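Colleague: Below: one structure in structure tokens.
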Amino acid sequence: MIFAETERLVLRTLEKDELPRLVKLLDVWDVVRWLTVVPFPYTMRDAETFYAEMAPTYQNNAPEFFTLALKSDNLLIGGVGLHAPRTPEPVAGESEIGYWLGKDFWGRGLMSEAACAVVEIAFSRPTTRAIGATTSPGNKASQCVLRKAGLRDLGIMPRPYTALRGSDEVVRWLMTREEYEREQTA
């Protein structure tokens with residue numbers, strides 16, 4: 001199922017036959033080093049577990065993971081998640097965005113394009129009142145993606161959840177529905 005299309009990307013369901021490619025893309029340290037919940041090394045068992053968790057969200061038409069594929073060949077190149085926040089005091093109705101992109105696809109603006117599409121998907125859901133994110137203070141590329149998607153930097157705070165890796169502090173990001181709607185009419 002396709003959830004959104006951008007100029008260069010299709011955001012769609014993850015297919016079971018793509019799991020070997022998922023493993024190949026995520027079993028790269030440079031890709032997962034900023035990801036706090038993705039194990040490394042990343043194995044087929046990890047991919048199968050992830051797929052089993054995501055499949056029901058597709059069936060319920062409430063996806064939490066969007067596969068990123070190039071329009072030109074429909075090949076899996078990354079992913080964007082949209083899920084319940086892990087912050088201790090989320091804004092009412094907040095969803096959290098997280099993402100990753102295969103290393104061969106870095107530096108082309110693809111993740112910014114995808115993040116903007118997922119922000120639009122999130123705010124099309126009537127229950128979404130805000131979108132949040134956290135980044136490691138040193139992850140400047142991710143911070144750039146969030147800025148381009150319209151989220152604002154709320155500053156550094158202690159990491160509010162247990163992570164597989166990363167610093168004890170995070171930069172908190174947020175965009176409210178009101179901010180999103182203002183941006184859409186500007």
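The values are calculated or read from the model by the stated rules, or taken from the named source; none is laboratory data. All figures in this text were calculated on a predicted structure; none of them were measured in a lab. Here the Cβ is made from the backbone with ideal geometry for all residues, glycine too, and neighbour counts use every protein chain on show.
Residues checked against (1) within 17 Å of the chain's Cα centre (by Cα); (2) assigned to a loop (DSSP other than H, G, I, E, B):
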position: VAL10; (1), (2): yes, no
position: LEU14; (1), (2): yes, yes
position: ASP17; (1), (2): no, no
position: VAL31; (1), (2): yes, no
position: LEU35; (1), (2): yes, yes
position: PHE40; (1), (2): no, yes
position: ALA47; (1), (2): yes, no
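Colleague: Can you confirm whether the range 67-90 contains a residue that is of a type in the set (Gly, Ala, Ser), closer than 25 Å to GLU169 by Cα and in contact with a Gly (Cβ under 7 Å, 6 or more places away or on another chain)? Reasoning before the result, please.
Modeller: Residues of the range 67-90 that are of a type in the set (Gly, Ala, Ser), as a first pass: 69, 72, 78-79, 81, 84.
Going one step further and asking which of them are closer than 25 Å to GLU169 by Cα, we end up with 79, 81, 84.
From what's left, in contact with a Gly (Cβ under 7 Å, 6 or more places away or on another chain): 81.
The answer is yes, given that some residue of the range 67-90 is of a type in the set (Gly, Ala, Ser), closer than 25 Å to GLU169 by Cα and in contact with a Gly (Cβ under 7 Å, 6 or more places away or on another chain).
Colleague: Which residue, of SER167, SER112, is without any contact (Cβ under 8 Å) to a residue 60 or more places away in the chain, in a loop (DSSP other than H, G, I, E, B) and not β-branched (Val, Ile, Thr)?
Modeller: Values: SER112 fails: in a loop (DSSP other than H, G, I, E, B).
So the residue among SER167, SER112 that is without any contact (Cβ under 8 Å) to a residue 60 or more places away in the chain, in a loop (DSSP other than H, G, I, E, B) and not β-branched (Val, Ile, Thr) is SER167.
Colleague: Please tell me if THR162 is surrounded by 15 or more Cβ atoms within 10 Å (Cβ to Cβ) and either in contact (Cβ under 8 Å) with a residue 60 or more places away in the chain or more than 15 Å from MET111 (Cα to Cα) (or both).
Modeller: Details: surrounded by 15 or more Cβ atoms within 10 Å (Cβ to Cβ): no; either in contact (Cβ under 8 Å) with a residue 60 or more places away in the chain or more than 15 Å from MET111 (Cα to Cα) (or both): yes.
So THR162 fails the test.
Colleague: OK, next. Can you name the residue in the range 1-54 that is aliphatic (A, V, I, L, M) and surrounded by fewer than 16 Cβ atoms within 10 Å (Cβ to Cβ) and, of all such residues, is modelled with the highest pLDDT? Spell out how you get there, then give the answer.
Modeller: We begin by selecting, within the range 1-54, every residue aliphatic (A, V, I, L, M); these are 1-2, 4, 9-11, 14, 19, 22-23, 25-26, 28, 31-32, 35, 37-38, 44, 47, 52, 54.
If we keep only those that are surrounded by fewer than 16 Cβ atoms within 10 Å (Cβ to Cβ) too, we end up with 1-2, 37, 44, 52.
Working: MET1: 89, ILE2: 91, VAL37: 89, MET44: 98, ALA52: 95.
Top of the filtered list is MET44.
Colleague: So LEU76 clears everything in (1) within 19 Å of ALA133 (Cα to Cα); (2) touching a Ser or Thr at 6+ places or on another chain (Cβ under 8 Å); (3) at pLDDT 95 or above except one condition, right? Which one?
Modeller: Status for LEU76: all satisfied but (1).
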